[in-house]
Amino acid sequence: MIVTNVMAFTNDFTNPLVDDALVRFENGEITYVGPRREYSIQEDEEVVDGERGLLLPAFCNAHLSLYSSISSYPLKLIKGYESGAGYFSNLLKSGYSNTNEKIVKVSAEVAVLKALKSGTVSFSGPIFDCAEVDTEFYRELARRYGMNIAVGPVVVKETIESVTERWQEVPRDSNFCPLIYVSELATYDEEDLTKLRNLYSKGINLNLFIFDMKQENDLCLSRWGESLIERLLKNGILVPECGIIYGGNLSETDMDIISNRRIFVTKSIRSEMYAGTFQPNIADLLGRGMHVSIGTGFMGTELIEEAKEIVLSERYHKHYDNVVIDYEIRKTLFDNNYRLAQRFFGKRTGVLKEGYSADLLLAKPVLDFERLDPDLPTVLQLI
């Protein structure tokens with residue numbers, strides 16, 4: 001198949017924008033990217049007219065909460081608002097008390113459809129585990145819609161045994177990756193942490209929910225006489241294969257350790273605002289060499305809107321130049337998010353280039369692409 005009559009944003013530094021472009025792909029892989037005039041279309045080739053739209057790599061959402069696609073649990077908790085880790089505990093209780101097989105399946109399918117509508121073909125996120133829903137349901141969902149889905153249950157101290165028993169033997173493939181999300185880490189004793197560490201031997205990725213590191217550290221110190229980071233390091237939990245979700249109130253030491261271990265840190269700005277742990281610190285984290293990716297969290301699937309939040313918050317709080325903000329957007333949305341997808345699904349994605357996955361997004365223009373300002377960063381203009 002061929003897509004033509006488009007402007008291509010390739011995300012390839014050697015060839016970032018191709019005007020009047022043609023992109024050919026076959027068997028899910030890109031075979032040509034370049035000017036339309038340099039390609040001779042054969043009679044038997046299927047051609048799609050892009051109508052002067054923008055063609056770019058389809059998005060990877062690093063954090064999409066499937067359970068919030070039909071019921072906005074955060075909104076239910078506003079009146080009983082409690083910030084930081086307490087907020088997330090309430091969220092879990094609210095979610096599990098309202099979960100059943102039908103809600104889980106409908107919510108997951110709606111989340112997939114919303115993601116596709118917003119140009120996302122890969123996402124990772126937590127679910128409320130329901131014993132009546134077979135774990136293979138999510139693999140089948142990925143295949144049905146041609147999505148790349150990395151999801152799994154949220155565990156707390158009381159549910160480690162029951163949840164991991166169902167998920168630790170679930171195999172991964174090119175479209176589906178099982179994850180386990182871990183919350184309330186400061187309450188885990190040595191035996192609990194050993195159980196978590198053993199999951200790595202099963203090939204399971206762990207994502208650590210740390211909404212508020214200061215609050216978690218205070219609790220950890222009062223219970224065990226150690227900081228949370230110390231306990232996680234000592235017990236082999238904080239390894240490059242794990243991820244950290246949100247990471248509010250990270251100390252200088254925390255950030256250095258996470259950076260040195262090449263751990264992905266996923267931020268969802270609006271979810272942090274809900275939890276009361278928001279910090280406009282993406283540039284600070286990136287400056288330390290941290291792998292920061294962005295997700296939409298509880299609020300929906302629209303990654304462009306999340307990117308706009310970065311622009312607005314960093315501009316307001318930090319007064320950064322456009323070049324710095326452009327770097328933040330490119331590094332998170334158009335770099336680390338794709339690297340995370342590659343890690344989960346083993347595909348070369350995120351670049352319009354020969355040999356890469358043909359997951360594409362065709363956006364009809366809302367501005368005149370011929371009038372892009374050459375003095376402004378490209379990504380920032382597209383956002």
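The values are calculated or read from the model by the stated rules, or taken from the named source; none is laboratory data. On a predicted model such as this, the values are computed, not experimentally measured, just so you know. Note: ideal-geometry Cβ built from the backbone for every residue, glycine included; neighbour counts use all protein chains shown. Heads up: the accessible areas ignore ligands, DNA and RNA and are worked out on the full protein's heavy atoms, side chains in. Shrake-Rupley method; radii C 1.70, N 1.55, O 1.52, S 1.80 Å.
Laid out as a table, the results:
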read-out	value
Paired Rg and Dmax values of region 126-174, which use every Cα atom, in angstrom	11.4, 35
Under 10 Å, Cβ to Cβ, from residue 325 - net charge with Lys/Arg +1 and Asp/Glu -1	-1
Fraction of accessible area attributable to carbon and sulfur, region 126-170 (%, probe 1.4 Å)	44
Point-charge dipole on Cβ atoms (K/R +1, D/E -1) for region 45-139, about Cα centre, debye to 20	580
Rounded to 5, percent antiparallel among DSSP beta bridges of the chain	30
Placed amide H near residue 294: partners under 5 Å, 5+ positions off or other chain	62, 267, 337
Residue-averaged 222 nm ellipticity for the chain, from DSSP H runs of 4+ at -39500 (n - 2.57), nearest 500	-11000 deg cm²/dmol
Pairs of Cα atoms farther than 25 Å apart, region 204-307, %	17
Diffusion constant of region 216-276 at 10 °C, which comes from Stokes-Einstein with the Kirkwood Cα-pair radius and 1.306 mPa s, µm²/s	127
For region 146-274: relative contact order, % (alpha-carbon pairs under 8 angstrom, 6 or more apart)	21
Amide N proximity, region 322-342 versus residue 305 label position 7 Å along Cα-to-Cβ, cut-off under 17 Å	none
Reduced Cα scattering model of region 94-178, Debye log10 I(q)/I(0), q = 0.18, 0.25, 0.27 Å⁻¹	-0.77, -1.37, -1.50
Computed over region 139-249, Kirkwood Rh from alpha-carbon pairs, angstrom	14.7
Charge-dipole axis of the chain as Lys and Arg at +1 and Asp and Glu at -1 on Cβ define it, positive-most pick from 48, 171, 32	171
Cα shape, region 236-383, gyration tensor, a/c 1.5 rule	oblate
Most positive-pole-ward Cα, 151, 379, 162, against dipole of the chain from beta carbon charges	162
Dipole magnitude (debye, nearest 20) for region 31-72, charges at Cβ of Lys, Arg, Asp, Glu	380
Radius 14 Å from Cβ of residue 313, net charge of other residues (Lys, Arg +1; Asp, Glu -1)	-2
Over region 1-140: Rg over Rh, Cα atoms, Kirkwood Rh	1.16
GNM top mover of 28, 53, 350 - the chain, alpha-carbon springs below 10 Å	28
In order through region 294-300: 3J(HN,Hα) via Karplus (6.51 cos²θ - 1.76 cosθ + 1.60), integer Hz, x for Gly, Pro	10, x, 9, x, 7, 8, x
Dipole of the chain [Lys/Arg +1, Asp/Glu -1 at C-beta], most positive-end residue of 205, 341, 310	205
